[in-house]
Amino acid sequence: MENYIDLLKQDIRFEEGLNACMNCGVCTAICPAAEFYDYDPRKIIDSVQTGDNEEIEKLLKSETIWYCGECMSCKTRCPRGNTPAFVIMSLRTLSQKLGFFTESEKGRQQFAIKRTVGENIFKYGYCVATYAVRPEMHLEQGPIWEYILNNTYDVYERLGGQINELGAGPLRRIPEDAKEELKKIFEVTGATEFFNTIEEHSKKKASEMGLQFSNEGIDNEYFIEVYTANSGKHTT
Amino acid sequence: MPDMIGNVVVVGGGTAGMEAAGQLAKAGLSVTLIEKENDLGGHLKEWYHLFPDRRPGDEVLNYLKNQIIHDNIKLLTGNSVGGFQKKGNDFILNTSNGEVIKADAVLLTTGFDLFKSERKEEYGYGIYDNVISSADLEMMFREKELRLKNGEKPGKIGIVHCVGSRDEKVGNIYCSKLCCVTAVKQAIELKETLRDCKVFCFYMDMRMGGALYEEMYRDAQEKYGIGFIRGKVSEVGINISNKLIIKVEDTLAGRPLKMELDMLVLMAGMEMSAGGTKLAEAGKLKTGENRFFAPADNHLGSNQSNIKGLFYAGTCTAPMNVTETISHARGAVADIINYLKNNEK
Amino acid sequence: MENEGKKRIWSEYQKEIADDHYFYVRSCIRQSFFPGSEQFFLNFLRNDLGKDVFENPSHTTCTGIGYHGDIVPLSTIMTVVARHFALMKESGYKNIAISCVTSFGIYTELIETWKHFPDELEKTREYLYKATGREFDIPENMAHSSDIIYKFRNEIAARSKNLLVNKKTGEPLIVVEHIGCHYSKMFPKYGVGGAEFPRVLSGMIEAWGGEVVDYPERRHCCGFGFRQYLVQANRGYSLSNTAKKFSSMKPYKPDFVITNCPGCNMFMDKWQYTIKEMEGTTYGVDDESIPVLTYEEVAGLVLGYNPWDLGLQFHMVQSEPLLKKMGIEFDKENKYKTKDGRQMPIPQNLINA
Amino acid sequence: MYKFGFSLTKARVINYESNDRSIVDFILEREPSLNLCIECGGCSATCTTGNYTNFSLREIHILLKRGENEQVRDKIKQCMLCGKCSLVCPRGVNTRNVVFLAKQAFQKFTGHAV
C-alpha cells in the first residue's frame, strides 16, 4: 500500500491547507455542503491529520470528499489557519490520480465534468460558453435559455457580442494559435495526462458496470449514468 | 530583618503592582509606583464579582488600596514609563511627565490589555446591538443595568468562549485561561439576575483548571441549567426582528446548529499590554511567541527578566487570575529583596 | 452604532484600485449570460470616463471552473493565468481588471501561493516558457471589475438619471447585496471592505440612493458549488442553498438583488424560476420574484442606459416592476428588437413579465 | 424531481428555535441529573448495544437536548437497558433512567410506543 500522506504532502494545497485542527467546527457551521449532505469537513480534516493510511484510503474512495462545493468559506474563519477545502481538493486530485474516484457515485462524476467543461476548454477556449449549455441538460435555465439559443446571433449582436468571430468582444472566437497554446500548457503541466487518467479509469468502470462507453462526447450510457445517478443516500 | 536600603520603581498600578509596592514598602524599601491612569486598580476595578467564590472585586481592591498607604511609597498616577537605561547597576527611568527617576531595581507590572472584540469581525461587535464583551457584561452587573439596547430584558443569551484566544486569525494562538471560568461565573450570575432567561455557553474545551472551577461548572449545569454546546461560533448575523442569529457546529452531534439569541457575550481574551510591548521594544526585553514578557526561567525564575535588577509580576508575563497575580507579585518581592540584600548590584 | 462599526472595518480594508489603463479579462459566465454587462463596463469606462481599457482577443478562459471542478491541476491553471499576465506584459499594461469572481479568486490564490512557495512561481515561468515561449510579470494592480465601478461610484451618482429610489414614495429601494464567495473570503485584504462586511456593492447602492439590508444568510454562498451544479445529479445542493438565502431575505421585501459574481447572478435568477416551477414558491411581494441584477446593469440603469441594451430582458426574472418603481420610462416595443431594429420573437413564460 | 432530475433537499442544520423540546423537558423534570452530562462518551464506550451497532447514548443525550426527537425515536429502541452506562458515568447521571423516561415521553407525547 502506498503512503498516501506522503503523496498528499506533494500537493502544496495540502501543505497550505492543514496545520493542526482542534475540532472547533467553525468550518462545518457555515458550510453549504454540511447543510444539505451528510457531510462534516471537520471530521475529514480530523481523520486526515491522524495520518492513518487506511483511513485516508477510505476517504479517497468515499462519497464524502466529493460533497464540498469549494466556496472556500471555511478559509475565512478557521482559527488555526487551515483551509479544509484545500485539503479536500488535494484528496480529490489524489483520488483521481490513483483511480479511486470511480469507486464512488459522486467521484465517478469527474468523468462528466471532464467531458463537458474539460472538452469545452479545448474546443472553445472557454470553460462555459452559451452554445455549450444544452437546454435539455439544463432545464433549470428555463424558457429564456431556449429562446437565447434559438436567437443566439441576434441576442448577442445587440449586447456587443462577437459570437464566433475573431477579435475582441464577448464570446469571440478564440484564435487557433491561442487554443494551441492552451493545449501545450495542458501537456507541459500534466493536465493532458490527468485527463487521460480520468478517461482510462472511467472506461474501465463503464465496462465493470456493463455500460456502453464511447471515446468522446456525451451521448453514451456511462456519461448519462454518472451525470444523472443519485442513490438518494447522500443525505438523511 | 535588617534595614533595607534601596529604591524600587514599580511600573503599573494594577493588582500586581499595588500588592508588590505594599510588600516592598513594608520590607523597608522606598517605592515609586507609577500608573498611567489617574486611578489605581487596573482591570480589577472593572470586576463585579471574582471567581470562584463570587466575592465582590471591590473587597480585594480595597485591600490593595490599603496596602499602598505607606510612607515609603511615592505614587505617580497619570504618568507612564516610556523607556529606561541601565548605567552600571542603576536604572534611569524617564516618565511621560518628564521626570527622571533613579532606581536600584525595577519591577514591571504592566498587566494585560483586554482583546478588542471588534477584531473578530464575524461576531459583529460594535455593529450589532446586543453583542457585548465579557467586560461590558461585568459593568452591567456592577451598575445593575442588565438590559438590551431597547431596554427590554434579554430572554436568551449566548456566551462565546475563546474570543481572541486560541485564534491564529487574530495572532493569538495561546489560551487566555480565565475566559472559561469567567463564562461560567457570568452565566450563573445571568441566571441569578434574570431567573427566566436561558443561557448557552459555546466552548471548544472547558478549561476549568483552577481551584474550585470544575465545581462551579458542575453547579452551572446542575443548579442553573446552563446549556453547554461544543463548537466555536462561526458567524453572527441579525434577523428582521433584531434578534441575533448565530451559526455554530454542534460538534458532538456532528451537525450545524442555528440559534436565535437576544444577547451575545464575547469572552474577550488577554493580550500583552500596549505599554508593555513598548517597554519591551525600548528596553530589549525578551518576549515570548505570545508577545508577553518572557521570564528568565519558566520554573525557577518566573519573576526575573533577561536584565539583572529588572523583574516582572502578574499578567505581563502570561494570563493569570487575581489569586495567581497576588502570589506572583509576592514572589517578585522576594526576588527583589534577595537581589538587593545579596548586594548583587 | 451600526455605521461606525462598519466604517472602522471598511477603513481597514481599503485596497488600491488603479485609475486608468486596464487590461481587461472576460468571464466565461458573464459573457455568456450577461454580455450586456461586459459591454456596459467597457462603454462606460471608455466613452463616459475616457479611460483606456484594452482587451487582448487572444486571452482565454482561466480554466477556473475546471480547476474548482477538480479536473484541471494547480500547475496548469497557474500557467494559464501566467499566460494572461504575459499577454498583459506584451500589450504594455500593468493593471489587470477581471470580470469574473472565480477568476479573481484564482488570481489572488495564485499570487498568494507564489509568495509562500517561490519555487512554484519559478516552475510556472518554466512551464509557460516551454509551452509558449512567453514571459510574464505579476500585475502591479489587480482589481475585480466591481472594484472599478465602486471606485467611480460617485462619478456615476453625479451623472445619474435615475436613483435607487421609489419615485412615487421617495423612499430608498431595499437592496440585497450578494458578494461572490471567491471575491474576498479567501483573502479578505483583496476585497473592498474585507470578507465579513464587504463594501464593494453596498458602497455603490448607498451612493446611488438605495438602502442595503443585512439578513441572516447574507454571507452564505449562492450554492453554485462548481461540481454541485455542473453535474445534474448534484443540483439539489445548489438549488437548496439558493432557496435558503431567498427564504432568509424574503421578510425584508427587497426590491432587487445586486451581485458582483456572474455565477451567483445567473443562479439567483434561474433558481427562482426552478423553485417556482417545483414548489410554487416565490420570494418577492405579491407572488412576484426578485430581479437579480449585475452591478453593471444597476449602474447602467442609474446612468439612464436603455435597459434592453443592458440585456435585462434576457434574465429569467424580468425587471419591469423594478423599472416602474424607479420611474424609468422604457420602450416596450424595443425590448426584443435586434441591433438594427428587426423584431425578434417574444419569449414566453418568463417571470414577472 | 421528475422534470428537472433533482429536487430541494431538507436542511440538516439543527434549528434550535423550531425544534420541540417537550421530550427532554419531561425527562429533565424527573431526572435532572441529565443536566450534568459533560459528553465524555463513557456511556457509549461501555454500551453493550453500542459495541455491536452504531448506537451512541452520548449522541442520544445531545439530540434529546436539541429537540431532534425523530432521530432519537428511531435509535432509542436499540437500547437493551442493561444499565452499564450508569455505572461508568463520572457525573453520576442516571443514564438508564433517561432512556426509560424518553420512552415514556414518546408514548405520552406522540402516542407511539418505542
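The values are calculated or read from the model by the stated rules, or taken from the named source; none is laboratory data. All of these numbers come straight from a predicted model, not from anything done at the bench. Counting neighbours? That spans all protein chains shown, and the Cβs are built from the backbone with ideal geometry, glycine included.
With the condition kept exactly as written, say whether any residue in the stretch C:173-191 is crowded, with 19+ Cβ neighbours inside 10 Å, touching a Leu at 6+ places or on another chain (Cβ under 6 Å) and touching a residue at least 24 places away in the same chain (Cβ under 8 Å). Within the stretch C:173-191 (the criterion being crowded, with 19+ Cβ neighbours inside 10 Å, touching a Leu at 6+ places or on another chain (Cβ under 6 Å) and touching a residue at least 24 places away in the same chain (Cβ under 8 Å)), the answer is yes, since at least one residue qualifies. Restricting B:100, B:31 to residues that are more than 14 Å from every other protein chain (Cβ to nearest Cβ), crowded, with 19+ Cβ neighbours inside 10 Å and free of Cβ contacts under 8 Å to residues at least 60 places away in the same chain narrows the list to B:31. Reported count of residues in the stretch A:112-124, each being surrounded by fewer than 23 Cβ atoms within 10 Å (Cβ to Cβ) and not hydrophobic (A, V, I, L, M, F, W, C), is 4.
Here is the figure for the stretch A:1-23: residues that are away from chain C (no Cβ under 14 Å), acidic (Asp, Glu) and in contact (Cβ under 8 Å) with a residue 40 or more places away in the chain total 1. A search for C-beta distances below 7 Å between a residue of the stretch D:9-36 that is more than 8 Å from every other protein chain (Cβ to nearest Cβ) and closer than 18 Å to residue B:257 by Cα and any residue that is acidic (Asp, Glu) and buried (at least 18 other Cβ atoms within 10 Å of the Cβ), counting only pairs 6+ apart in sequence or on different chains, returns D:19/D:68. Cβ-Cβ contacts under 7 Å between residues 6 or more apart (or on different chains), taken from a first residue in the stretch C:244-263 that is surrounded by 24 or more Cβ atoms within 10 Å (Cβ to Cβ) to a second residue that is of a type in the set (Gly, Ala, Ser) and not in a loop (DSSP other than H, G, I, E, B), are listed as C:260/C:146.
Selection of first residues in the stretch A:199-218 that are closer than 12 Å to residue A:108 by Cα and at pLDDT 95 or above and of second residues that are among the small types (Gly, Ala, Ser) and surrounded by 16 or more Cβ atoms within 10 Å (Cβ to Cβ), restricted to Cβ pairs under 7 Å at least 6 apart or on distinct chains, gives the following pairs, ordered by first then second residue: A:201/A:99. When residue B:260 is tested against (1) part of a loop (DSSP other than H, G, I, E, B); (2) within 9 Å of another protein chain (Cβ to nearest Cβ), exactly one condition is not met: (1). Residues of the stretch B:245-254 that are facing chain A (nearest Cβ under 7 Å) and under 17 Å from residue A:32 (Cβ atoms): B:247, B:248, B:249, B:254.
Residue by residue, here is whether (1) part of a loop (DSSP other than H, G, I, E, B); (2) in contact with a Phe, Trp or Tyr (Cβ under 9 Å, 6 or more places away or on another chain) holds:
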{"residue": "A:14", "(1), (2)": "no, yes"}
{"residue": "A:23", "(1), (2)": "yes, no"}
{"residue": "A:44", "(1), (2)": "no, no"}
{"residue": "A:47", "(1), (2)": "no, no"}
{"residue": "A:57", "(1), (2)": "no, yes"}
{"residue": "A:70", "(1), (2)": "yes, yes"}
{"residue": "A:75", "(1), (2)": "no, yes"}
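Just one of the numbered conditions (1) of a type in the set (D, E, K, R); (2) more than 9 Å from every other protein chain (Cβ to nearest Cβ); (3) surrounded by 21 or more Cβ atoms within 10 Å (Cβ to Cβ) is not true of residue A:219: (3).
Pairs meeting the criteria (first residue in the stretch B:217-244 and away from chain A (no Cβ under 14 Å) and over 25 Å from residue D:35 (Cα atoms), second residue surrounded by fewer than 23 Cβ atoms within 10 Å (Cβ to Cβ) and at pLDDT below 95, beta carbons under 7 Å, at least 6 apart or on different chains) are B:242/B:129.
Each row is one residue, and each column tells you yes or no for (1) assigned to a helix (DSSP H, G or I); (2) more than 8 Å from every other protein chain (Cβ to nearest Cβ); (3) closer than 24 Å to residue A:161 by Cα; (4) touching a helix residue (DSSP H, G or I) at 6+ places or on another chain (Cβ under 9 Å).
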| position | (1), (2), (3), (4) |
| --- | --- |
| C:59 | no, no, yes, yes |
| C:67 | yes, yes, no, yes |
| C:70 | no, no, no, yes |
| C:77 | yes, yes, no, yes |
| C:82 | yes, yes, no, yes |
| C:90 | yes, yes, no, no |
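For the stretch B:110-139, filtered to residues that are acidic (Asp, Glu) and not in a helix (DSSP H, G or I), the residue that is farthest from the chain's Cα centre (by Cα) is B:129. Could you count how many residues in the stretch B:81-109 are within 30 Å of residue B:170 (Cα to Cα) and either of a type in the set (Lys, Arg) or in a strand (DSSP E or B) (or both)? Residues meeting the conditions: 5. One residue stands out among those in the stretch A:24-53 that are over 24 Å from the mean Cα position of the chain (by Cα) and within 11 Å of another protein chain (Cβ to nearest Cβ): the one that is farthest from residue C:227 (Cα to Cα), which is A:24.
For the stretch C:298-351, the set of residues classified as part of a strand (DSSP E or B) and within 21 Å of the chain's Cα centre (by Cα) consists of C:317 only. All of B:237, B:276, B:269, B:301 fail the test of being surrounded by fewer than 18 Cβ atoms within 10 Å (Cβ to Cβ) and not hydroxyl-bearing (Ser, Thr, Tyr), apart from B:301. Any residue at all in the stretch C:119-129 that is in a helix (DSSP H, G or I), free of Cβ contacts under 8 Å to residues at least 60 places away in the same chain and within 20 Å of residue A:75 (Cβ to Cβ)? Yes: one or more hits. Screening residue D:43 with (1) of a type outside the set (D, E, K, R); (2) surrounded by 20 or more Cβ atoms within 10 Å (Cβ to Cβ); (3) closer than 30 Å to residue B:262 by Cα gives one miss only, at (3). The condition of being surrounded by fewer than 24 Cβ atoms within 10 Å (Cβ to Cβ), among the hydrophobic types (A, V, I, L, M, F, W, C) and assigned by TED's automatic domain parsing to the domain that holds residue A:23 does not hold for residue A:91.
Hey, any hits in the stretch A:172-182 for a residue that's at the interface with chain C (Cβ under 7 Å from one of its Cβ atoms), touching a residue at least 24 places away in the same chain (Cβ under 8 Å) and outside any loop (DSSP other than H, G, I, E, B)? Yes, there is a match, as at least one residue in the stretch A:172-182 is at the interface with chain C (Cβ under 7 Å from one of its Cβ atoms), touching a residue at least 24 places away in the same chain (Cβ under 8 Å) and outside any loop (DSSP other than H, G, I, E, B). When restricted to residues that are within 17 Å of residue A:192 (Cα to Cα) and in contact with a strand residue (DSSP E or B) (Cβ under 9 Å, 6 or more places away or on another chain), the stretch C:20-74 contains 1. Applying a threshold of 7 Å to beta carbon distances and a minimum spacing of six or more residues, or different chains, the list of pairs starting in the stretch C:102-117 at a residue that is in the same structural domain as residue C:70 (by TED's automatic domain parsing) and ending at one that is of a type outside the set (A, V, I, L, M, F, W, C) and surrounded by fewer than 23 Cβ atoms within 10 Å (Cβ to Cβ) reads C:113/C:120; C:114/C:120; C:116/A:16.
One line per residue, one yes/no per condition, for (1) polar (S, T, N, Q); (2) modelled with pLDDT of 95 or more; (3) closer than 30 Å to residue A:46 by Cβ:
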{"site": "A:83", "(1), (2), (3)": "yes, yes, yes"}
{"site": "A:91", "(1), (2), (3)": "no, yes, yes"}
{"site": "A:107", "(1), (2), (3)": "no, yes, yes"}
{"site": "A:165", "(1), (2), (3)": "no, no, no"}
{"site": "A:170", "(1), (2), (3)": "no, no, no"}
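The numbered conditions (1) of a type in the set (Lys, Arg); (2) in contact (Cβ under 8 Å) with a residue 12 or more places away in the chain; (3) away from chain C (no Cβ under 13 Å) are all true for residue A:58 except (2).
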